[in-house]
1. Ranking request for peptides 213-223, 79-89, 129-139: highest mean number of other beta-carbon atoms within 10 Å first, then the rest in descending order.
2. What do you get for the angle between helix 236-247 and the principal long axis of the chain? Use alpha-carbon atoms, 0 to 90 degrees, nearest ten.
3. Per-residue ellipticity at 222 nm for the chain, helices alone: DSSP H runs ≥ 4 residues times -39500 (n - 2.57), over residue total, nearest 500 deg cm²/dmol?
4. Summing +1 for each Lys or Arg and -1 for each Asp or Glu, what net charge is found among the other residues whose Cβ lies under 11 Å from the Cβ of GLU206?
5. Could you give the length gained by full extension between ASP219 and SER78, i.e. 0.36 nm per residue of separation minus their alpha carbon distance, to one decimal place?
6. What do you get for the angle between helix 33-43 and the principal long axis of the chain? Use alpha-carbon atoms, 0 to 90 degrees, nearest ten.
7. Residues of region 159-264: accessible area per residue at 1.4 Å, in Å²?
8. Can you say what percent of the DSSP beta bridges in region 126-221, counting only those with both residues inside, are antiparallel? Round to 5.
Amino acid sequence: MKVVLFCGGEGMRIRDATQSVPKPMVPLGDRPILWHLMKYYAHFGHRQFVLCLGYKSEVIKDYFLNYKEWISNDFVLSEGGRRLDLLNSDINDWEITFADTGRTSTIGERLLAVRSHLEGETTFLANYADGLSDLWLPDQIHDFERSRKAASFLVVHSPLSFHIARVDESGSCSAIEPLAESDVWFNAGFFILTQGIFDVLGAGEELVVEGFQRLIAADQLHAYRFEGFWQAMDTFKDFHQLESRLAVGDAPWQIWKRPREASV
């Protein structure tokens with residue numbers, strides 16, 4: 001399946017880090033978060049990517065046009081430095097389409113803008129490109145195929161430490177509980193979509209707001225509940241948490257580095 005990655009937003013909530021680069025290009029270790037996500041999908045055999053570009057699109061284009069394989073791969077240097085033989089490679093089997101979808105476009109508009117690049121794809125994957133997970137992707141895909149619906153999205157419990165209160169109109173509180181332990185589920189931005197999504201999405205509309213609401217009305221939206229690791233990179237706090245985990249070798253999203261048994 002092709003993978004559509006929405007890479008065009010400005011990332012206003014993490015603005016200091018996105019003054020010079022778009023949000024998906026904020027680095028985690030030696031590589032940007034976009035690379036970590038692409039590596040995740042490639043691990044499951046999905047190596048055809050459609051990048052929906054917008055804000056500072058030239059940064060993303062330049063990164064891949066001048067990609068340095070030796071940064072994240074072992075190699076042998078010989079002949080006094082004149083010859084470099086890579087022992088493995090990241091992107092030699094990736095196909096990446098770079099599509100300008102507008103600087104201020106909504107997610108729905110960006111998806112409509114790349115429709116022509118998805119011809120022949122009965123089902124395709126999509127992602128906000130700002131969150132990482134150790135989701136075993138084939139499980140979500142299998143569950144979606146069994147549902148026979150038009151679209152699926154990953155839902156998770158909130159990683160926030162807030163508490164929610166249950167209060168009636170008189171102000172009487174009947175319960176207070178951690179948000180993460182409540183029955184509230186959040187959109188995690190890992191999508192599986194069919195061509196039917198284009199039948200419910202109009203010009204200028206948002207994927208989740210108008211598109212998904214129409215799917216709900218037609219009982220065609222599937223939600224996949226997931227209680228494993230997931231974290232978005234919306235704030236500096238999120239960034240530092242992900243960076244800290246990577247620094248100590250505790251990066252659950254790097255699912256390509258371990259067998260499934262250690263990931264479930």
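The values are calculated or read from the model by the stated rules, or taken from the named source; none is laboratory data. Treat the numbers as computed from the prediction; the structure is a model and nothing was measured. Backbone-built Cβ (ideal geometry, glycine too); neighbour counts: all protein chains shown. Calculation scope for accessible area: heavy atoms of the full protein, side chains included, ligands and nucleic acids excluded. Shrake-Rupley method; radii C 1.70, N 1.55, O 1.52, S 1.80 Å.
1. Working: 213-223: 15.4, 79-89: 9.2, 129-139: 19.7.
Sorting 213-223, 79-89, 129-139 by mean packing, highest first, produces 129-139, 213-223, 79-89.
2. Computed tilt is about 50 degrees.
3. Details: 6 runs with 56 residues, N = 264.
Calculated mean residue ellipticity at 222 nm is -6000 deg cm²/dmol.
4. Details: positive: ARG110; negative: GLU109, GLU205, GLU210.
Overall, the nearby charge balance is -2.
5. Working: separation 141, 0.36 × 141 = 50.76 nm, distance 6.11 nm.
Between ASP219 and SER78, full extension yields an extra 44.6 nm.
6. 90
7. Values: 6240 Å² over 106 residues.
Accessible area per residue: 59 Å².
8. Values: 12 of 13 bridges.
For region 126-221, the DSSP antiparallel bridge percentage is about 90.
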